[in-house]
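One structure is given here, and the rest of the page talks about it.
The numbers here are math on the coordinates, done by the rules we state, and not lab data. Everything numeric here is computed off the predicted structure, so don't read it as measured data. Note that each Cβ is placed from the backbone with ideal geometry, even for glycine, and that neighbours are counted across all protein chains shown.
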Amino acid sequence: MAHERTAKMFRAHFYRTRFWLPALTVAAFVIIFTSNTVSQTSPQGKASPDPGALNPQKEERDPRFGSAECEMRSKAILKEAKKNYDENLARAREVSELATQLNDVFEKKRSFSSEDAKRLEHVEKLTKRIRNEAGGSGSDTEPDMTDISAKTEETVKRLAEVAEELQKLVEKTPRNVISTAVIDQANRLIVITQHLRSSR
C-alpha cells in the first residue's frame, strides 16, 4: 500500500515537472551562453591597443636625430654663423681704420681727393652691411643730424669717433643678437658719410 502511494506521488511529481523542466534547461543554457559572450566582448578580453593608434597625431621621432648627418649639419650651421660674425667684425675694424685715415688726411689737406671720396663711399657701404647684420634697415629711424657740424673738420672728426665707437659695439655684441645700439650707431655713421659725400 505504501509502495503504491509512493509510485502515485512520483507520477504526480513527474507530470507536474515535465512541463517546466525543459524551460529551466533552456534558461540555464541561455544564461551560460550569454555569460560567455559578455566575457568575450568585455574590455578585459581585448588586446592592448596600439599606443600609436590612440594618438595618431603623435610626432614621430626624426630618425636622423643624433645621427652623423644631423651632427654635421649642426656644425656647418655654427661654422657659417661664426664666419658671418668674423666678417662683420672685420668690416667694423675696416670702417674704423678708413674713418681714421680720412680724418688724418683732412687735417693735413683740408679737403678730400677723388680717392678719399671712394673711401667715404666704401665706409658707407660697409656700415650698411654692419647695420643689416645687426638686424636693422634703412627705414628704422629718422636721420640723426646731431653729429653734423657747420665746420667740415669737426664733422670729419666725428666720423672717426663714431666709427671707433661702432667697432667697439660690434666687438661686444654676441653672435646672432639683434643690437639696437649697433643699429643706431651705424645709422649715425651713415648720416655723417652721406653728408660729407654730398658736401664735397
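Observations
- Efficiency of FRET between CYS70 and GLU121 - r from beta-carbon atoms, R0 41 angstrom, step 0.05: 0.40
- In terms of distances greater than 25 angstrom between alpha carbons, the cross-link table entries LYS79/LYS118; LYS109/LYS168; LYS83/LYS118; LYS125/LYS168 yield LYS79/LYS118; LYS109/LYS168; LYS83/LYS118.
- Going from the fewest other Cβ atoms within 10 Å to the most, the residues LEU126, LEU166, LEU78, LEU89 appear in the order LEU78, LEU89, LEU126, LEU166.
- Note on ALA181 and ALA150: the model spin-label points, each 7 Å out from Cα along the C-beta direction, lie 3.4 nm apart.
- Computed lengthening from ILE77 to LYS108, 0.36 nm per intervening residue step minus Cα-Cα distance: 6.5 nm
- Three-way shape label, segment 73-198, alpha-carbon gyration tensor, a/c 1.5: prolate
- Which of VAL191, VAL123 has the fewest Cβ neighbours within 10 Å, and the rest in rising order: VAL191, VAL123
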